[in-house]
Amino acid sequence: MLPNYRPDCAVERLFQSTSDNLAMPMLPIRVKAAERELLLMSDLAGLSIEGTFVRPEGATGGGLLRLKIAQDRSEGVIGLDNLGSDTVGPLQMANVVTFNDALHGFETTTLTGVITPQHPDRMSLVQMMQSYPVGSSGLSAGYSLVYLRQHPDGGAGAPDIDVTSAMGTAFLSYPFVRTLDRSLWGQAELTIRNEDVDFRSPRRLDKALFQELATGRWIKEKRNLLITGPCGVGKTWLACALGQRACRDNATVIYKRLPRLFSELQLAHDDGRFPRIFRQLVKADLLILDDWGPERMTAPQRRDLMEIVEDRYGNGATLVTSQLPVDAWHDIIDEPTFADAILDRLIHNAHRLPLEGPSMRKTRDAPVAKTVDEQTDT
């Protein structure tokens, strides 16, 4: 190394250059330039730095970038996922840091954080997981602490929703054997600041059926609900109102926009969080999948959805909203065998709530009818 040469300054300049490229407004990642900078940073800093760039299967460009930095017994992973868009830029960033034997107890400590850089108020997740070896057979025991806050963006006229949850879990894990876990404590809050349901609008909302659905009996019976209709008729609004009511009845509810869920699962496959996220989706009393379609599903998306509906069938209620009629869902799945299997499990014994009419966003400032609670009390 040259005398009086400070590699940390060079690393800082290179890192600043890379971070400037990724900062807003976020532009497509220049793969070759990023690879060259990673190699130089690795040499100068004495770290092991690896970069992986994956383009999506679709033709829209964009991709997934993962950076892995390791030194001694610790390593960190940063993932940038721009959902296949060249112009929007990264919509999700995951940071995972793992410390091995930091406390000299042969333990493994993992810290995970997930945010949406452009809209940090929409989603934030923080997780700490620590495991200790038990004996020399590969068995390990540990605990996990998780905090999650979501503020989904449903567009103009959609309900104002906040989802906040925190939980603690203890687990036993053995190589190649399913992890056994037990919830220690947990709390969740789903807040909808506008839960009014207008039965006067010309969207042909079946009042008797909706009042029956608001009782939550269909959730206890582990049946599904399919809400369809054109843009702006209030599908998300009604779905979240039913989810709010289910929360009041002490049911566990998970709300996911389907396009964003697919992106989250893709990233989870890469950083090892998929089994835990999958168990949460399967165990929920009510899983709300908002905004089905209109883009056709990729092969990984079909497989993930098939696993979810297969394990939830007969074990939990699923609510799906879509602008497309149910008859068109087969084409969205885009593979006949998977489509038959997925739709058979979703449609069988499902309630259907088809909506029609013009967008309610044009009249959302008009006086509204009674709330769900008031409607069901009459």
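Laid out as a table, the results:
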item	result
Filtered residues of the stretch 94-115 (kept if in contact with a helix residue (DSSP H, G or I) (Cβ under 9 Å, 6 or more places away or on another chain) and modelled with pLDDT under 80)	Ala94, Val96, Val114
From the options Asp271, Asp249, Asp196, Asp290, residue that is modelled with pLDDT of 90 or more, under 26 Å from Thr164 (Cβ atoms) and not β-branched (Val, Ile, Thr)	Asp290
Residue within the stretch 356-363 that is buried (at least 16 other Cβ atoms within 10 Å of the Cβ), at pLDDT 90 or above and assigned to a helix (DSSP H, G or I) present	no
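The values are calculated or read from the model by the stated rules, or taken from the named source; none is laboratory data. For clarity, every value in this text was computed on a predicted model and none was experimentally measured. Note that we place each Cβ from the backbone using ideal geometry, even for glycine, and neighbour counts take in every protein chain shown.
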